Structure formats: C-alpha cells, structure tokens
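Reviewing the structure listed below.
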Amino acid sequence: MKIDLKKSVSPFSKKEKYSRFIWNIVWYLVSPLPRPASSLRIKLLRLFGSKIGKDCLIEPGVKIWIPWNLILDDFVAIGRQTEIYNYGVVSIGSMTVISQYSYLCTGSHNYSHPYMPLIWDNIVIGSECWIAAGTWIMPGVKIGDGAVIGARSLVTRDIPDWSVCAGHPCKPLKERKILNIDIID
Amino acid sequence: MKIDLKKSVSPFSKKEKYSRFIWNIVWYLVSPLPRPASSLRIKLLRLFGSKIGKDCLIEPGVKIWIPWNLILDDFVAIGRQTEIYNYGVVSIGSMTVISQYSYLCTGSHNYSHPYMPLIWDNIVIGSECWIAAGTWIMPGVKIGDGAVIGARSLVTRDIPDWSVCAGHPCKPLKERKILNIDIID
Amino acid sequence: MKIDLKKSVSPFSKKEKYSRFIWNIVWYLVSPLPRPASSLRIKLLRLFGSKIGKDCLIEPGVKIWIPWNLILDDFVAIGRQTEIYNYGVVSIGSMTVISQYSYLCTGSHNYSHPYMPLIWDNIVIGSECWIAAGTWIMPGVKIGDGAVIGARSLVTRDIPDWSVCAGHPCKPLKERKILNIDIID
C-alpha cells in the first residue's frame, strides 16, 4: 500500500471545529426558510464572520461551509441549492449573480502525498458576472469582471473579463457586449 | 458599472405570483410522498393547469415551477429529483421516459442587457424518447421522437429523431434501431 | 409506435421488493443523521447484506439502493450525498475515498428493445483511489488501483491503475506518483 489514510489528520483547531459545529446547527435551521428569510440569513452570516455588502440575496437551500471565509460585495445574489465549499476564502464582486445548483469548490486533496491531506485555494469572482445554473468552479480560479459562465460548466482555469464562456472544461467563446440602454428602452 | 440589477423587474403579474405561491405550498407537501402518490400529484398538477395524458408517472422529489406550463402526453414517466424549470412551456410526447436528476431549463437571462432581464424559451421533447439520468436540457431545445440522450449530457441544440446522443455538449453518436420483437422473445 | 412501455415488467421478485421497501424506511431514518452516525449506518448496511471491512465512513445523505449489492474493503470513505445506484454490485477497494455528490450508476435501459427493460452491470473501484466530488460512473466501469478521477468527471470506460484522469468523458491525463514520505516530513 502506498496510501495510508489512517495518518490523515484534520487541519482544524478545536476552536474552529466548535464554531463550525454551532454554525452547522444554526444554518440547518435557517437555510431552508423561504426567500424573504434572506435578510435573516445574511444577519447570521455576518454574526459568524462573513463580510457582506448591502442588498445581497441568499436564496433557500444555499450551503455555506465556513462563514468567516465568505466575502460578498453589494447586490450579490446566490441562487438556491448553491454550495459554497469554502475552506479557502470565496469573494464575490458587486452586481454578480450565482444561479441555482452552482458549486464553488475551494477544497481538494494532495493526491501525491500518501496521507492525502486536505488542501484548498481561494476563489475570486469579479463584479457584474453571471455564473449560470449548475456551474462548478475549481479551487484557485479567478473569474474576471463581467464574465458570463454557461450553465453546467466546469471552470478549471482563470476566466478573462467581459467574456462569455462555457464547457467542460469551460473556455471563452466570445466577448460580452452590453447593449446601449437608449436603444433598447 | 455596466450592469444594474437594481433596475431588474419581475415579469410576473400579481395573480401569477399568488398562484405560484399557493402551488409551491401544495407541491412542498405532495412532492416528497412515495411513488404511489404519483396519481395524487397528477390530480393536483391538472387542478393547477397542467395538461396530462393517461398512465403518467411522477416520481418523488420532482420539482415543477409553473404547473400551467406543463404538457405531458400518455404514458410519460418523470424520474425522481428531476426539475422542470418551466417559465416557458415544457411538452413531452407519449412513451417518453425522463430519468432521475434531469433538469429541463427553459429560463435564462439576457446578459447583453444591463438589467439582465429573465428570458425563456419552450422545450419540446418528442414521443418514445429516453432522457437518461442527470441530463440538462437548455432553453429552446427540441428533441426529436425516439431520441436517446446519454446520462449527464448537456443538450444545447435540437436533437434528430431516432438518434442516440451524448456529451457536453450533446451530439448525435448513432442511429437508434429497435429490435424486432419476434427475434428477442 | 415502436416503443411500448406498458409491457415493461419489473425484474424483481416479491421478496426483493419487500426487502427493499423495509430497507428504504430504515435508511430514510438513518441516512440524514450526522457524521458520528456512520457506525450505526454501517451496522444496518451489514444487517441488510452489505460486506463492509473495518474503519469505513459513510457520511450523511449517502443513498444506497440495494444494500446486499455493496462490498467495501477496509478504510473506505463515502462522501455526503453520494448515490450508489446498485442494481448491479458495487465493490470498492481499501483506502479509497469517494467524495461528495458522486453517482455510481450500475443501471440502464436496453433502448434497442421496444419494452425498454432495465439492465445493469457491476462497478469495480480499486484500492487507494480518489473519486473527486460530483463524479458520475457508468455501468460496467472498472477503475484501477490508485486512480484519481477529477471533480465532476463522467467515467464511461475503464481507468488504468495509478493514473490521474478527468473530463466528460473522463480520460487519463498523467501518471499518479506518490511522494517519498521522508522528503515531505
């Protein structure tokens, strides 16, 4: 045997484990509440260390692993059933929408090490992005301002600003252009 | 800032919002009930405006957003945890099976518009199809009669009749041929 | 019409159906219990016919269809919300980790037959593997010892020993090498 999981140890302190235990109970109770409970969810996230701007929306069923590793700017919307698996810090810029069933995955294992230790890397999502439903974002990824990620993409690499991207793995398809509002209205 | 979500407005009337509120409560109660409750689920869907043929099956955990935008022909089976996100109309032909964890997604956002308005397009699935588990179907897609879609495909374009298709994005792989029953039995 | 689902019959005996009915009730009660309930879950799985080695971990929310079709060697970990859809036998070697939201799918339909009968094929996962989160494994697949499968892959074919693989469909990317522990510590 080359791998020995018996020697794998938790990287978390007792205090962190205790805080996460309390957090899990709190979130278990408020996460399923309907949409108008978003402001209650945000209050509790702030109480446990999240930095959250004004006018954000956290829909029902969102799962957040470590509240003190979450930074949201103003007017961020997180769709239902999205999971923020944030051993690393997840930060999201203003006016960004994360649609339902997305998965922001900061955690991984060092599979070259015989004890398979837990490792993680931060995820940074810019402002004015749209992460469409069912998207999966890998550890360490940086998504530029204004990027659009197509539904159910797997984002393994950094994404350029104001690009429309999709696929498994996710690749830039075209530039995102915003219509002049005078023309549309 | 190019994007201004503050100016995004709901496209739904008060009456639609009220009907959907009542529907959500009703469905919350009957959706998790076990398989034999399928006939009760179908009765309630019809009461809220779905057009459903005879001998259909709606398994536990199926989520349907707008019941009056659902049309099922005879003998359609919808597998557990499938989500029908039907701002647009979803219509499914007879003898078609949708397997578990599929996602029929009619909704999107116009990401070229600074207010990111909700948009949608209908999904049409033919008769005698099999949509295998975990498949995701995009807005506006038309799936031909007799098509087979492999597990966890992402269907972004129309699918020809009697074809076997799979992938991310989903592409035709071969023709679907049905064995002569005299030979098999 | 070429397809006639009315003539599709269940391949399961009354005894199997009854055992699965009881199993579903039992598992419905113990599956959502928190992590320390893993040992209770393992006791119940063994009672219903699973063969499970020592020091295994079954996280909350794991779904197992047919307990008597599950074989785990020592020190196997199954992450939360993983579904083991085991009409066929699923066997997993020692020191292997299956991360959250994976789907081990042994079931399919013979779509060339007009009655679309349920068919299945076994899944064999070797020792010392890591199946990362959100992976989907198709019927009949054999994953070699020490293989790493990247997050959200779709595994449609056999995977060689000690390879790192990913994608939709999943393909080998490189050899997996394990660091000499003297160097790291």
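The values are calculated or read from the model by the stated rules, or taken from the named source; none is laboratory data. If you're wondering where the values come from, they're calculated on a predicted model, not measured in any experiment. So basically every Cβ, Gly included, is an ideal-geometry build from the backbone, and we count neighbours across all protein chains shown. In case anyone asks, the SASA skips ligands and DNA or RNA and just uses the protein heavy atoms, side chains included. Shrake-Rupley method; radii C 1.70, N 1.55, O 1.52, S 1.80 Å.
Things worth noting here:
- Taking (1) touching a strand residue (DSSP E or B) at 6+ places or on another chain (Cβ under 8 Å); (2) of a type outside the set (Gly, Ala, Ser); (3) within 14 Å of chain A (Cβ to nearest Cβ) in turn, residue B:42 satisfies each apart from (3).
- Qualifying residue in the range B:78-86 (condition: within 14 Å of chain C (Cβ to nearest Cβ), outside any loop (DSSP other than H, G, I, E, B) and either in contact with a Leu (Cβ under 7 Å, 6 or more places away or on another chain) or not polar (S, T, N, Q) (or both)): yes
- Counted residues, the range A:44-67 - those being part of a helix (DSSP H, G or I) and in contact (Cβ under 8 Å) with a residue 40 or more places away in the chain: 1
- Considering residues of the range C:87-102 that are in a strand (DSSP E or B) and away from chain A (no Cβ under 14 Å) only, the residue least open to solvent (accessible area, probe 1.4 Å): C:90
Conditions (1) touching a strand residue (DSSP E or B) at 6+ places or on another chain (Cβ under 8 Å); (2) in a loop (DSSP other than H, G, I, E, B); (3) surrounded by fewer than 17 Cβ atoms within 10 Å (Cβ to Cβ); (4) small (Gly, Ala, Ser), marked per residue:
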residue	(1), (2), (3), (4)
C:74	no, yes, yes, no
C:108	yes, no, no, yes
C:111	yes, yes, no, no
C:152	yes, yes, no, no
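- Residues in the range A:123-135 that are open to solvent by 10 Å² or more (accessible area, probe 1.4 Å) and either part of a strand (DSSP E or B) or in contact with a Leu (Cβ under 8 Å, 6 or more places away or on another chain) (or both): A:124, A:130.
- Of all residues making up the range C:120-144, the number that are within 9 Å of chain A (Cβ to nearest Cβ) and touching a residue at least 40 places away in the same chain (Cβ under 8 Å): 2
- Per-region count, the range C:1-39, residues part of a loop (DSSP other than H, G, I, E, B) and either over 30 Å from residue B:178 (Cα atoms) or within 14 Å of chain B (Cβ to nearest Cβ) (or both): 12
- Identity of the residue in the range A:154-185, buried (at least 18 other Cβ atoms within 10 Å of the Cβ) and within 16 Å of the chain's Cα centre (by Cα), that ends up farthest from the other protein chains (Cβ to nearest Cβ): A:159
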